[in-house]
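The values are calculated or read from the model by the stated rules, or taken from the named source; none is laboratory data. This structure is a prediction, so every number in the text was calculated from the model and none was measured. Every residue, glycine as well, gets a Cβ built from its backbone with ideal geometry; the counts of neighbours run over all protein chains shown. Ligands, DNA and RNA are stripped out before the accessible areas are found, and what is left, the full protein with its side chains, is counted by its heavy atoms. Shrake-Rupley method; radii C 1.70, N 1.55, O 1.52, S 1.80 Å.
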Amino acid sequence: MCGIVAYTGHREAFPIILKGLKRLEYRGYDSAGVALLNGDLSVYKKQGKVADLEKSVEGKNLNGNIGIGHTRWATHGEPNDLNAHPHYSQSGDLAIIHNGIIENYDSIRQELLNRGHQFTSETDTEVLIHFIENIQERSNTSLEEAVRLALQKVVGAYAIVVISRQNPKQLIAARKGSPLVIGIGKEEYFIASDATPIVEYTNEVVYLDDREIAVINNDGLSIKNIDSVPKTPYVQTIDMELEAIEKGGYEHFMLKEIFEQPKSIMASMLGRVVADKHRLHLGGLIEYFNRLMSADRIMIVACGTSWHAGLVAEYLFEELARVPVEVEYASEFRYRNPIIRENDVVIAISQSGETADTLAAIELAKSKGAIIFGVCNVVGASIPRATHAGAYIHAGPEIGVASTKAFTGQITVLTMMALMLAHRKGTISESKFREFLIELENIPAKVEKALKLNDQIKYISDIFKDARNFLYLGRGYNFPVALEGALKLKEISYIHAEGYPAAEMKHGPIALIDEEMPVVFIATADSSYEKVVSNIQEVKARRGQVIAIVTEGDEQIKNIADYVIEIPETIEALTPLISVIPLQLLSYHVAVMRGANVDQPRNLAKSVTVE
Ligand code: M6R
């Protein structure tokens, strides 16, 4: 949460920072601000979007070759101009941007108030920069050393960049628990929360590690850990196309990402599934594959949409590889005292690879001796670096806050993992294995076909756009899809929606059903089809409005449901990859029709790096 961009070099800093902030706006958009050094240290900040900041600085002198910028997702203090970053120190000689939470900020604030400091905001961030300056003055030391000493006292998570009027060529950056990437150009440096603001200028990057402090000045880049031990920067070349982070003619990133799914699912399988050679290989699992083979139990930890993908994985691993699976919200797992035995394996699923609760759950499981596999999208993020082994989903940057292509990418990778395990364990026959591989290769074309339903779904969205509640019901593999459909709708259209296993309806939710209640059934031709048909009858008997996602050619439900959306047939275990598509489109169109900001829904941020 919160986006950080900084630049130093030979170009004008402001346009680079502003463009970078727009790319990072998915991380938070409560307010935005920039600090520029051009003799003076000037801070410009504004409540609202980056565009509001841009408007507010029109006509101002924004020259300078060094600067820092921030887009905020509020934690301490409401979103307003004063609480926006950057924040000045007491003297005004330093400015800081920060992503994360300083948990002991209140006691530091009290200490500083006693020493005569005055604060203009309610933020923990302003306290931190005052603290740094106070240490520098009291110890008569360098800014780098003051940052180090201050961070040693700080409890919590941070990614920070500090700029100083006294050192006009210097940027100091540090991280613990929140990501920072440093881009290395020709006599210029970029710092950002992820690589998207950087790729336009350079593909040489260094990912800062936890408890590391980077100093960029006339001598170039140097990195030390918080105990002052020098580190050699590990420069990596990243592979990200500029077009992957632009809208490419679509009205919203979410729509672009929904429509990218045939390609992104294919990318998840590229070089891994070769059906005609009867081959399935996930190289990133190999080193620890034996641990997966001998696992008595798999525990899956994740949040939000990734947790829904984890539920699908529970069905897959249990059915195919005959290993017991437990799926846990990372936020719950980390705060109880989970029993993790020697032969348990943990799979952590995360699009961003930065979700704080998932990261903490991994650390907890590791401390109890578990082997952790990661299923992530963002290459080089904290979670893939914290795990022992894993597989990237290779879906490309997902920028819309509502996760879409990451969900199908995660399911694709988890399916491959379950199949690979089942095949090696011998819990699946050769012919079944082969059938799965062939069908996996068919999935992108079937998703493409499902996307052709867009106009029909738009039509249905128009009918239900003013509904106040929605129910989503499905069974088996389609139960997690029902949860996912409900989450998509509520997070971008603000309509209350609930997902349930269809059979659970009778145990409570049925009381909600009347002629006002749209009920979305995911009722594909699978092992629980007849039972779901009965559930539809029960809703119709109470005059609920039924929208049913069915398998192409279904005749039975057509006669009962109010609206029927026909999707291509596939193997039951692969159904979520297709049945989720109409639900993503439904939520998208309803949100657009209600005038909601689809890519930046209120109160949400793409990567939740706070607890
Ligand atoms: O980056 P992660 O997959 O770890 O994120 C987990 C959730 O925050 C995320 O899936 C969230 O629920 C999305 N907004 C759902 O669309």
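Roughly how big is the range 452-611's charge dipole about its Cα centre, with Cβ charges of +1 (Lys, Arg) and -1 (Asp, Glu), in debye to the nearest 20?
Rounded to the nearest 20 debye, it is 420 debye.
In the context of the full set of protein chains, residues of the range 232-316 present 48 Å² of accessible surface per residue (probe radius 1.4 Å, heavy atoms only). When the charge dipole of the chain is built from unit charges on Cβ atoms (+1 for Lys and Arg, -1 for Asp and Glu) and taken about the Cα centre, the candidate among Leu53, Gly474, Ser228 whose Cα reaches farthest toward its positive end is Ser228.
Dipole of the range 247-449 computed with +1 at Lys/Arg Cβ and -1 at Asp/Glu Cβ about the Cα centre; of Gln261, Trp307, Thr387, farthest Cα towards the positive end is Thr387.
For GluC sites (Glu not before Pro), the sites in the range 22-126 that DSSP calls loop and that have at most 13 other Cβ atoms within 10 Å are Glu58, Glu103.
Here is the size of the range 206-346 from its Cα atoms: Rg then Dmax, 20.9, 59 Å. The antiparallel fraction among DSSP beta bridges confined to the chain stands at about 60%. The distance from the alpha carbon centre of the range 540-611 to that of the range 332-377 is 30 Å, rounded to a whole number. Among the trypsin sites (Lys or Arg not before Pro) found in the range 36-78, those both in a DSSP coil and sparsely packed, with 14 or fewer other Cβ atoms within 10 Å of their Cβ, are Lys60. Residue separation of Arg602 and Ile286 scaled by 0.36 nm, minus their Cα-Cα distance, works out to 109.6 nm of gained length.
From largest to smallest, what semi-axes in whole angstrom does the range 359-429 give when each is the square root of 5 times an eigenvalue of its alpha carbon gyration tensor? Display every interim value, and only then the final one.
Details: eigenvalues 98, 80, 16 Å².
Largest first, the range 359-429 gives 22, 20, 9 Å.
Under the combined filter of DSSP loop state and at most 16 neighbouring Cβ atoms within 10 Å, the range 549-611 retains these trypsin sites (Lys or Arg not before Pro): Arg594, Arg602. In the chain, a dipole from Cβ-located charges (positive for Lys and Arg, negative for Asp and Glu) runs towards its positive end, and of Ala541, Ile372, Ala502 it is Ile372 whose Cα lies farthest in that direction.
If you take every residue apart from Gln47 with its C-beta less than 13 Å away from the C-beta of Gln47, what net charge results, scoring Lys and Arg +1 and Asp and Glu -1?
Net charge in that neighbourhood comes out at +1.
Taking a ≥ b ≥ c as the square roots of the eigenvalues of the alpha-carbon gyration tensor, the range 493-602 is classed oblate because a/c is 1.5 or more while a/b is no larger than b/c.
Here the chain is treated with +1 on each Lys and Arg Cβ and -1 on each Asp and Glu Cβ, and its dipole about the Cα centre works out to around 460 debye. The phi-based Karplus calculation (6.51 cos²θ - 1.76 cosθ + 1.60; θ = phi - 60°) puts the 3J(HN,Hα) values of the range 314-325 at 4, 5, 5, 5, 5, 5, 8, 9, 6, 10, x, 10 Hz, whole numbers, x for Gly and Pro. Stokes-Einstein, applied to the Kirkwood radius of the range 3-243 over Cα pairs at a viscosity of 0.890 mPa s and 25 °C, places its translational diffusion at 140 µm² s⁻¹. Any idea what log10 I(q)/I(0) is at q = 0.13, 0.20, 0.22 Å⁻¹ for the range 74-171, Debye with uniform C-alpha scatterers and no solvent? Per q value, in the given order, log10 I(q)/I(0) is -0.39, -0.97, -1.20. Given +1 at the Cβ of Lys and Arg, -1 at the Cβ of Asp and Glu and no other charges, the dipole of the range 247-449 around its Cα centre is 380 debye to the nearest 20.
Taking label points 7 Å from Cα along the Cα-to-Cβ direction, Ile438 and Asn63 give a separation of 7.0 nm.
At the listed q of 0.12 Å⁻¹, the Debye profile of the chain, built from one uniform point per Cα, gives log10 I(q)/I(0) equal to -1.19.
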